Amino acid sequence: MLKELFRTKSVDQLSGEAADPGHRLKKVLGPIDVTALGIGAIIGAGIFATIGTAAAGDPTRPGAGPALILSFVITAIACGFAALCYAEFAAMIPISGSAYTYAYATLGELIAWIIGWDLIIEYAVGNVAVAISWGNYFKTLVGGFGIIIPDWLSTDYRTAAKIPGLFENAPHIFGIPIVINALAIGIVALITIVLVLGIRKSANMNTGMVILKLVVLAFFVAVGVGYVKGVNFHPFMPNGWAGVQAGAAIVFFAYIGFDAVSTVAEETRNPSRDLPIGIIGSLVISTVIYIAVAAVFTGIIPFDALRQKLATEQAEPLTMALQYANIGKFANLFVGIVAFGSVVAHTAVLLVFQMGQPRIFFSMARDGLLPQSFAKVHPKYGTPYVTTILTGVAVGVCAMFTSIDEMVDLTNIGTLFAFILVCIGIIILRVREPNRPRAFKAPFYPVVPIMGVISCIYLMRGLPTITWIRFGLWLVVGMIVYFSYGFSRSRLRRRKTL
């Protein structure tokens with residue numbers, strides 16, 4: 001049995017199954033589309049929402065302060081190692097399953113299942129947090145135009161319990177207060193519809209949003225740089241390297257997404273060329289932007305002032321910095337522009353992650369580990385519509401009623417775990433099949449994959465203990481699902497018994 005659990009699929013077998021006409025996706029994406037998808041997934045809730053906590057810290061960990069710049073650099077290096085490994089796999093195995101598929105080819109079915117289950121944390125659970133955050137910023141944005149959305153229609157149940165008077169003022173049915181985050185489910189529903197209608201429409205929508213949010217971040221840097229004060233960079237590391245490490249672990253959420261590029265491998269016209277360009281290009285562009293934003297942000301608002309503000313109010317960090325700068329008569333306009341950029345950025349992340357999760361389910365179903373209905377392709381639009389709708393419903397319902405608390409940390413640990421397995425997989429496949437043609441090879445082998453593993457473990461150590469416990473429980477649930485369903489229905493195992 002142990003041997004069966006770790007049986008692998010050959011690269012040729014994986015490619016052959018993807019060519020099955022009944023499970024074939026449309027190839028319509030080029031290098032610009034793929035790079036834009038990467039940027040769309042990366043630049044979003046992370047830079048607009050977590051930058052404040054990473055700089056100031058919270059009750060469970062120290063803040064990086066102005067050394068947040070170093071936190072972004074450290075995280076970029078760790079992600080860079082993983083990105084090079086992803087690029088090699090994506091060019092060699094252009095299949096929709098991303099890290100799940102790579103693990104199936106190198107580490108065996110059990111590890112593939114674990115990583116597929118783990119990726120639900122990155123994409124679906126991560127998108128719950130993004131959808132909730134989107135609702136908060138959209139409410140703030142429309143509030144600037146005099147449109148007031150009631151709290152009972154824009155707050156999840158758990159958070160509402162902490163807000164005095166919200167339950168009492170909400171509508172009641174049979175004495176039960178009606179409190180849901182309708183904004184979160186609304187945006188998820190809209191994104192789901194767009195994704196079902198086709199990858200081409202989705203990619204075009206994403207490219208437009210990427211351009212908008214890059215313009216907004218450039219606007220923040222251009223306006224904010226004039227209010228940067230050198231004194232605010234002292235002390236540069238108020239909490240030493242512990243603060244820098246904790247900050248790096250938090251801002252890792254801002255880098256999640258470049259790996260989502262690999263989930264559209266089967267819809268890319270020339271994956272061996274375009275996927276490495278998209279993965280590495282989107283990471284490099286995002287890193288340059290992040291460092292510039294972090295430098296301006298920490299240069300505008302002093303460390304002590306930032307800690308005090310975040311402890312007493314829940315505000316978007318970048319708009320908070322502009323408000324602190326006391327720009328003058330254009331302050332409200334400038335804050336509104338950045339708030340609009342935040343809404344657009346969140347929408348782009350939702351789009352790409354909602355695009356990625358169904359394709360992982362799609363690949364797992366094609367392998368027999370999930371119900372075959374999950375592998376259906378829409379006859380007209382050529383999209384995995386069953387899993388797209390299923391993901392949209394699951395994320396939307398969870399976003400209506402759950403809190404954003406701890407979501408970011410759980411997403412981070414799940415993604416880092418996936419990165420580690422991908423880096424290990426590169427080493428295994430280089431040893432097992434050294435002569436296999438590789439359109440792109442991670443340089444400086446084996447240094448790059450080994451450093452990828454080490455740097456990801458370093459970032460994981462910066463996460464709270466409770467996050468490790470939740471992650472462990474999630475994996476236990478995944479193992480129960482696998483042995484009660486997937487193990488006996490695996491196409492790889494059933495093919496051997498025929």
Which condition number in (1) open to solvent by 40 Å² or more (accessible area, probe 1.4 Å); (2) of a type in the set (Lys, Arg); (3) in a helix (DSSP H, G or I) is the one that Lys162 fails? (3)
When restricted to Gly281, Gly328, the only residue of a type in the set (Gly, Ala, Ser) and more than 27 Å from Val210 (Cα to Cα) is Gly328
Those residues that are more than 30 Å from Val377 (Cβ to Cβ) and either open to solvent by 10 Å² or more (accessible area, probe 1.4 Å) or acidic (Asp, Glu) (or both), I need them from the range 75-114; list them, please. Ala76, Ile77, Gly80, Phe81, Leu84
Set Ala305, Ala331, Ala321: member being among the small types (Gly, Ala, Ser), open to solvent by 10 Å² or more (accessible area, probe 1.4 Å), more than 24 Å from the chain's Cα centre (by Cα) and under 23 Å from Thr53 (Cα atoms): Ala305
State all residues of the range 220-237 that are farther than 15 Å from Ala321 by Cα and outside any helix (DSSP H, G or I); if no residue qualifies, say none. His234, Pro235, Phe236, Met237
Could you list all residues from the range 340-359 that are over 30 Å from Pro371 (Cα atoms) and aromatic (Phe, Trp, Tyr)? Phe340
Unique match (being open to solvent by 10 Å² or more (accessible area, probe 1.4 Å), modelled with pLDDT of 90 or more and out of contact with any Asp or Glu (no Cβ under 9 Å at 6 or more places or on another chain)) among Ile291, Ile280: Ile291
Only residues that are in a helix (DSSP H, G or I) and buried (at least 21 other Cβ atoms within 10 Å of the Cβ): list them for the range 366-384, please. Arg366, Ala375
Taking the range 155-166 and keeping residues under 24 Å from Thr319 (Cβ atoms) and without any contact (Cβ under 8 Å) to a residue 24 or more places away in the chain leaves Ala160, Lys162, Ile163, Leu166
Specify which of the listed residues (Leu459, Leu421, Leu429, Leu473) is out of contact with any Cys (no Cβ under 7 Å at 6 or more places or on another chain), aliphatic (A, V, I, L, M), more than 30 Å from Asn270 (Cα to Cα) and open to solvent by less than 70 Å² (accessible area, probe 1.4 Å). Leu459
May I ask you to verify whether Val28 is among the aliphatic types (A, V, I, L, M), under 26 Å from Leu212 (Cα atoms), touching a residue at least 40 places away in the same chain (Cβ under 8 Å) and in contact with a Lys or Arg (Cβ under 6 Å, 6 or more places away or on another chain)? yes
For the range 298-325, name all the residues that are in contact with a Phe, Trp or Tyr (Cβ under 8 Å, 6 or more places away or on another chain) and either touching a residue at least 40 places away in the same chain (Cβ under 8 Å) or not small (Gly, Ala, Ser) (or both). Thr298, Gly299, Ile300, Ile301, Lys309, Glu316, Pro317, Leu318, Ala321, Leu322, Ala325
Within the range 39-74, restricting attention to residues that are open to solvent by 20 Å² or more (accessible area, probe 1.4 Å) and part of a loop (DSSP other than H, G, I, E, B), which residue is farthest from Thr415 (Cα to Cα)? Pro59
Scan of the range 415-457 for residues that are outside any loop (DSSP other than H, G, I, E, B) and among the polar types (S, T, N, Q), ordered by number: Thr415, Ser455
In the range 142-157, how many residues are part of a helix (DSSP H, G or I) and either open to solvent by less than 30 Å² (accessible area, probe 1.4 Å) or not aliphatic (A, V, I, L, M) (or both)? 5
Could you give me the residue pairs with C-beta distances under 7 Å whose first residue belongs to the range 136-154 and is closer than 19 Å to Val344 by Cα, whose second residue is not in a helix (DSSP H, G or I) wherever it lies, and which are 6+ apart or on separate chains? Tyr137/Glu316; Lys139/Ile149; Lys139/Ser154; Val142/Ile149; Ser154/Asn181
Residue list for the range 115-127, restricted to those being more than 20 Å from Ile427 (Cα to Cα), open to solvent by less than 10 Å² (accessible area, probe 1.4 Å) and of a type in the set (Val, Ile, Thr): Ile121
If a residue has to be modelled with pLDDT of 90 or more and either out of contact with any helix residue (DSSP H, G or I) (no Cβ under 8 Å at 6 or more places or on another chain) or within 15 Å of Gly40 (Cβ to Cβ) (or both) to count, how many in the range 242-261 make the cut? 1
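The values are calculated or read from the model by the stated rules, or taken from the named source; none is laboratory data. Since the model is a prediction, treat every value here as computed from it, not as a measurement. Note that each Cβ is placed from the backbone with ideal geometry, even for glycine, and that neighbours are counted across all protein chains shown. The area values use the complete protein model at the heavy-atom level, side chains included, leaving out ligands, DNA and RNA. Shrake-Rupley method; radii C 1.70, N 1.55, O 1.52, S 1.80 Å.
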